[in-house]
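Have a look at the structure below, then the notes.
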Amino acid sequence: MASGIDQGRRSFWLKHLHQWHWVSSALCLIGMLLFAITGITLNNARIIEARPQVTTVEATLPDALLAQLAADGDAADGGEVPAGIAAWLRRDLSLDVTGRAVEWSDDELYIALPRPGGDGWATIGRRDGAVLYEVTDRGLVSYLNDLHKGRGTGAVWSWFLDLFAVACLVFCVTGLFLLHLHAGNRPATWPLVGLGLVAPLLLLILLIH
């Protein structure tokens with residue numbers, strides 16, 4: 001009777017662990033492939049050549065917006081780009097600065113525009129209205145590497161990374177319990193798990209100083 005109960009409990013856990021394991025693996029499969037590939041590219045960044053392409057755009061604020069900048073500048077110091085100027089940048093230069101922090105100085109506004117796979121910035125002269133916008137594109141590999149690091153990707157991607165990490169944890173933990181349930185018929189299970197722990201520890205202790 002006891003063995004029947006034990007067998008029923010084992011079947012229960014196997015069923016549910018397999019279900020959570022395959023669901024979590026399906027959710028994080030593409031992300032894990034991406035992170036594995038970009039782990040290799042990041043680790044070998046020195047030998048992967050990047051050819052940055054720099055695009056520079058120059059323009060001048062309309063007189064009305066320059067006057068608005070002069071009138072509203074002191075009150076806006078340290079805040080965002082004034083709404084009228086932001087709308088003009090979006091319409092005429094296809095440059096969206098919504099929510100971007102601005103560094104105000106006596107001479108200009110400086111707007112940092114970090115982005116995955118490159119960089120960007122823009123300046124607006126407070127006296128002459130000269131607008132200079134520069135964007136650097138370092139290519140697809142750099143773009144994927146920055147997705148891996150969450151660099152310049154914004155809040156939504158950061159939330160995705162957190163959810164992806166949770167799915168990976170579920171995948172690993174359910175995998176560990178499945179190893180435990182199947183270990184009796186697979187003698188190499190725990191030696192291999194131990195190797196996965198000991199190998200990086202030895203490398204850290206012996207080779208990394």
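Report the label-to-label distance for His18 and His209 in nanometres (one decimal), using points 7 Å from each Cα along the Cα→Cβ vector.
Output for this residue pair reads 5.2 nm.
Which value in Å is the Kirkwood Rh of segment 53-138 over different Cα pairs?
Taking the inverse mean of 1/r over all distinct Cα pairs, segment 53-138 comes out at 13.0 Å.
Name the most mobile residue of Thr136, Thr153, Thr98, meaning the one with the largest mean-square fluctuation, in a Gaussian network model of the chain with Cα contacts below 10 Å.
Most flexible of the set in this elastic network: Thr98.
For Val156 and Leu197, compute 0.36 nm times the residue count separating them, minus their Cα-Cα distance, and round to one decimal in nm. Write out the running numbers ahead of the final one.
On the way: separation 41, 0.36 × 41 = 14.76 nm, distance 3.34 nm.
Answer, rounded to one decimal: 11.4 nm.
Just to confirm the number: angle between the C-alpha axis of helix 140-149 and the first principal axis of the chain, 0 to 90 degrees, nearest 10?
Once rounded, the angle reads 70 degrees.
I'd like the orientation of helix 2-43 relative to the chain: the angle between its Cα long axis and the longest Cα principal axis, in ° from 0 to 90, rounded to 10.
Result, in degrees: 40.
Kindly write out, for segment 79-91 in residue order, the coupling ³J(HN,Hα) from the Karplus curve 6.51 cos²θ - 1.76 cosθ + 1.60 (θ = phi - 60°), rounded to whole Hz, with x marking Gly and Pro.
x, 8, 5, x, 4, x, 5, 4, 5, 5, 4, 5, 6
What's the extension gain from Gln68 to Ala183 if we count 0.36 nm per residue and subtract their Cα-Cα distance?
On the way: separation 115, 0.36 × 115 = 41.40 nm, distance 7.26 nm.
Computed gain between Gln68 and Ala183 is 34.1 nm.
Computed from the coordinates by the stated procedures, all read-outs in this text should not be read as laboratory data. This structure is a prediction, so every number in the text was calculated from the model and none was measured. For neighbour counting, all protein chains shown are included, and Cβ atoms are generated from backbone atoms with ideal geometry for every residue, glycine included.
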